[in-house]
1. Any residue that is at positive phi, within 16 Å of the ligand (Cβ to nearest atom) and surrounded by fewer than 17 Cβ atoms within 10 Å (Cβ to Cβ) - is there at least one of those in the stretch 115-123?
2. Those residues that are buried (at least 17 other Cβ atoms within 10 Å of the Cβ) and either acidic (D, E) or without any contact (Cβ under 8 Å) to a residue 12 or more places away in the chain (or both), I need them from the stretch 13-59; list them, please.
3. Conditions first: (1) within 14 Å of the ligand (Cβ to nearest atom); (2) in contact with a Phe, Trp or Tyr (Cβ under 8 Å, 6 or more places away or on another chain); (3) among the small types (G, A, S). G214 passes all but one, so which condition is the exception?
4. Quick one: which helices (runs of 4 or more DSSP H) lie wholly within the stretch 116-234 and hold at least 1 residues that are in contact with a strand residue (DSSP E or B) (Cβ under 6 Å, 6 or more places away or on another chain) and within 30 Å of E3 (Cβ to Cβ)?
5. Of the residues A250, A254, A234, A221, which single one is surrounded by 22 or more Cβ atoms within 10 Å (Cβ to Cβ) and at pLDDT 95 or above?
6. Looking only at the stretch 61-78, which residues are in a strand (DSSP E or B) and surrounded by fewer than 18 Cβ atoms within 10 Å (Cβ to Cβ)?
7. If you go through the stretch 189-204, how many residues are under 21 Å from K138 (Cβ atoms), more than 8 Å from the ligand (Cβ to nearest atom) and buried (at least 22 other Cβ atoms within 10 Å of the Cβ)?
Amino acid sequence: MTELALRFAAAQTIIRELGAFALGYFNDRDALGITMKGAQDWLTVADGKVEALFRQRIAELFPGDGVMGEEQGGGASDRLWIIDPIDGTANFAHGDRQWCVSIGFLRNGVPELGLIYAPAMDELYLARRGHGATMNGKAMAPADTTAMNRATLEIGWSNRRPLDDYLTLVRAAYGLGANVKRGASGALGIAHVALGRTDGYVEVHINSWDVAAGVVIAAEAGAVINDFFASPDALTEGNPILCAAPGIAADFRALARI
Ligand code: LIP
């Protein structure tokens, strides 16, 4: 088995274990220990515990690999795992099922593996560069939408950028007749475009742990996605993200200027 096939197989077992572990906290709200890292930036006990378990599993199986995570940080490495232990923590903290575990793997800076698991909905998104993308074993494909006035667009928001940046995008999207939504999980937002549930996802600033898996899943499903890791500091500083169904990609990119 190649090193990528080995890591892809292991990561599938690990993400299911992490998902079940996180679901235990989700269903036991007294154990959540909810706090805030900043305005509308939620944190629970589960975020740290899930990331710690992931780091333990990688240290056991691939001791030479690097790990970067939302809670404990990390940096560049030739073989780098990037984890968001609970993406959609605001939803998780409120008992809303729209959250997931997101794991990406980069080799020499190239995104090779993407895994997103939403255990409360039992949806597992998997992709390996050059090998396609699946959701619960079925091949994924974006929608064939070609007009913005028939599109459903998801626009992400956080306090990391001025509110006007977000509102300008929302106004422009409605102006083109699109349906606009916000799910508060960047990873699931990208996965839903790749699955054809929505037609586009954009966020003016997002972190690498939110998108490391989604960029592989989207590209392998045939969606259009910007080259998030093109700039060297994207790994630690973040970047804009835009993902779209091919038929509306040009219009959506023009709208978002990304
Ligand atoms: C969330 C991202 C989302 C963004 C939120 C938050 P978290 O990540 O997935 O795209 O809009 O502000 O950053 O905090 O739930 O892991």
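The values are calculated or read from the model by the stated rules, or taken from the named source; none is laboratory data. What you see is a predicted model, and the numbers here were worked out from it, not measured in a lab. In this analysis, Cβ positions are derived from the backbone assuming ideal geometry, glycine residues included, and neighbour counts consider all displayed protein chains.
1. Looking for residues that are at positive phi, within 16 Å of the ligand (Cβ to nearest atom) and surrounded by fewer than 17 Cβ atoms within 10 Å (Cβ to Cβ), one finds none in the stretch 115-123, hence no.
2. D47, E51
3. (2)
4. Output list reads 186-195, 208-211, 214-221.
5. A221
6. G66, G73
7. Of the residues in the stretch 189-204, 9 are under 21 Å from K138 (Cβ atoms), more than 8 Å from the ligand (Cβ to nearest atom) and buried (at least 22 other Cβ atoms within 10 Å of the Cβ).
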